[in-house]
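K.L.:
Below is one structure. I have some questions about it.
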Amino acid sequence: MHNHNQCGDYLAYISDYLDGELPPEICASLEAHLRECVNCRVVVNTMRKTIELYQVTSGDETLPEGVHTRLFARLKLDD
Amino acid sequence: MIADQDFSPDFIDRLVAGDRRVFGELVERTSPKIFALGLRMLGNEQDAEDMLQETYLKAFKALPNFEKRSSISTWLFRIAANEALMLLRKRKSGASLVEVEKDDEQDDSALEIVDWCCLPEQELVSTETREKLNEAAENLSPALRMVFQLRDVDGFSITETAEILDISEDAVKTRLVRARMKLREYLSVYFKERMEGGNQHA
Ligand SMILES: [Zn+2]
């Protein structure tokens, strides 16, 4: 990623950062880097958005009718 | 996700005692998520349906041995995850167990840096985007796909995901990082094209 040599090290922390799982010192150091580095900021934002997209598009799932009927018949729960 | 506080101690007692009406309620409430896991892991409705039915048949048989202090959803997803992985192995006849469970190699190729977060919401959840989301997930190894689905889509914690898959929490974290990076990369390439192509097709 361009000449930002440290970026690679920080990238490994981004996932834990999004989960709020980073130890405070590493978190502070990553946040300092993010203030200066546009690229890493983009990675953080697009990763967060990626996760969000999977979550919002999977919220409306229901069992297809046929699948539901056959499941309950197979489990003998349909009487 | 299906939080355990949704199931009262009384519900669990009657479930373990073999009350079929209560079991029916458990199936009613959890089956959409189990089916979605099957679809994500196996990629087609027929296999997902097989996995769904087998999961509950096995769950009903195993219920008398359920430890009431543990989580019913973690327990159920563990059965479902094993079922999905078994079907995957069966399908790739001759493929070793290792192949289904191994992580993808760390990929240090260049990152796509394009900020597509600003795209309008209706574009981000369009039918085409949904297809891309599925396509991106299909590109992950089963091991990465499973961890991503359980943790980020179904909302299980790192600890719960580790329990469901019977792997260490560190292994969950490592797979999660790789899965998220790969998905982000795949979607970034796609959205970059959309952002660049938008003017030409206007
Ligand atoms: Zn950076």
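We did not get these values from a lab; they are worked out from the coordinates using the rules stated. Predicted model only: the values in this text are computed from it and were never measured. Cβ placement follows ideal geometry from the backbone for every residue including glycine, while neighbour counts extend to all protein chains displayed.
K.L.:
Over the Cα atoms of chain B, Rg to Rh with Kirkwood Rh, two decimal places? The partial results should precede the final answer.
P.N.:
On the way: Rg = 19.1 Å, Rh = 18.6 Å.
Reported Rg/Rh, Kirkwood definition of Rh: 1.03.
K.L.:
Stokes-Einstein D for segment B:4-101 at 20 °C, 1.002 mPa s, Kirkwood Rh over Cα pairs, in µm²/s?
P.N.:
151
K.L.:
Principal axis lengths of chain A from Cα atoms, whole Å, largest first?
P.N.:
So the extents along the principal axes, rounded to whole Å, are 65, 25, 16.
K.L.:
Related question: Pick out, in residue order, every one of the GluC sites (Glu not before Pro) in chain A that is DSSP loop and has at most 14 other C-beta atoms within 10 Å; say none if there are none.
P.N.:
A:Glu21, A:Glu61
K.L.:
Report the label-to-label distance for A:Cys7 and A:Ala32 in nanometres (one decimal), using points 7 Å from each Cα along the Cα→Cβ vector.
P.N.:
2.0
K.L.:
So how many Å³ per residue does the convex hull of the Cα atoms of the protein assembly as shown work out to?
P.N.:
That works out to 157 Å³ per residue.
K.L.:
Over what distance in Å are the Cα centres of segment B:148-198 and segment B:55-82 separated?
P.N.:
So the two Cα centres are separated by 25 Å.
K.L.:
Using a basic spin-label model with each label point 7 Å from the Cα along Cα→Cβ, how many nm lie between B:Cys117 and B:Asn65?
P.N.:
Between B:Cys117 and B:Asn65, the simple spin-label model gives 4.7 nm.
K.L.:
Please compute, over every Cα-Cα pair in segment B:49-96, the percentage with a separation greater than 12 angstrom.
P.N.:
64
K.L.:
How would you rank B:Arg21, B:Arg178, going from fewest to most other Cβ atoms within 10 Å of each one's own Cβ?
P.N.:
Ranked by crowding around the Cβ, least crowded first: B:Arg21, B:Arg178.
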